[in-house]
Amino acid sequence: FFFFQAEDGIRDFCLSRGLGDVYKRQELNLIIIWREDFFLSIQQYSIREKDENFEFVKNIPYFSAFTDKKIQYLITACITKSFIKDERIYDIGEQAETFYILKKGSIRRELVLEIENTNRWPLDKNRWKMKVVHRAVDYNIPMGPGDFFGEEEMIKSTKRKERVIVQEPSMVLCLNRNKFFEVFEKDDLAAFLNHRAGLKYDRQKTLVEEVMQEEARVRMLVTFPISPSKRTSE
């Protein structure tokens, strides 16, 4: 199934001479749409899509307090992009040029956490030796429809601090940098940063503590394994 445009219609394969002609190799059935009807259909689809996006964004809790006028301005400025499974939306170290609202599908944010461990062991009863070890740990944050991302680095004028990977075919509303700062005012930008700071998965210290607690739990299970009978009774 495909679209094509032919100025002179369908020509016979043997008689076709013009560059860009469309010709037939076998019998076929065509649906012909006149130019005016084609552009009218595109316009109607665009209107339906904008109405759908308006309702979608308005029902996201974070944006529900925005005026209808601002939401309309937002979705008019957005473009819709589709991504396939395992496609990368952006990567660590890239310039922050776009704000995203996930409409359909699922993605994951991949962060690299810098963890510092201090190891101590006795040399004698009065002296200890310490060694500080720095290591990097990958941490994945799943996201679903209604989640948004990519605004923090644009507001702070920093490069991307995470990688975003598509987990299944997804559709995303995208707002470029220039439009972002047209749509959202100074108070909106401060509210974005306050919202992001209040999320557990956007506090580096909290994530590091969570990783270290999980590692300590695993070490405890390895050192003092729970017997099957005790595990059942619990």
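The values are calculated or read from the model by the stated rules, or taken from the named source; none is laboratory data. Since we're looking at a predicted model, the values are computed, not measured. Cβ coordinates were reconstructed from backbone atoms using ideal geometry, including for glycine residues, and neighbour counts include every protein chain displayed. Accessible surface areas use protein heavy atoms only, side chains included; no ligands, DNA or RNA. Shrake-Rupley method; radii C 1.70, N 1.55, O 1.52, S 1.80 Å.
Candidates in the stretch 88-106 are the residues that are in contact with a Ser or Thr (Cβ under 9 Å, 6 or more places away or on another chain) and surrounded by 15 or more Cβ atoms within 10 Å (Cβ to Cβ); of these, the one that is farthest from E151 (Cα to Cα) is G105. In this entry, E182 is excluded by the filter for residues that are at pLDDT 95 or above and touching a Gly at 6+ places or on another chain (Cβ under 6 Å). Filtering the stretch 169-185 to residues that are crowded, with 16+ Cβ neighbours inside 10 Å and part of a strand (DSSP E or B) leaves S170, V172, L173, C174, L175. How about the stretch 52-66: which of its residues are open to solvent by 90 Å² or more (accessible area, probe 1.4 Å) and over 22 Å from R196 (Cβ atoms)? If the condition is that a residue be open to solvent by 90 Å² or more (accessible area, probe 1.4 Å) and over 22 Å from R196 (Cβ atoms), then E52, E55 are the ones that fit.
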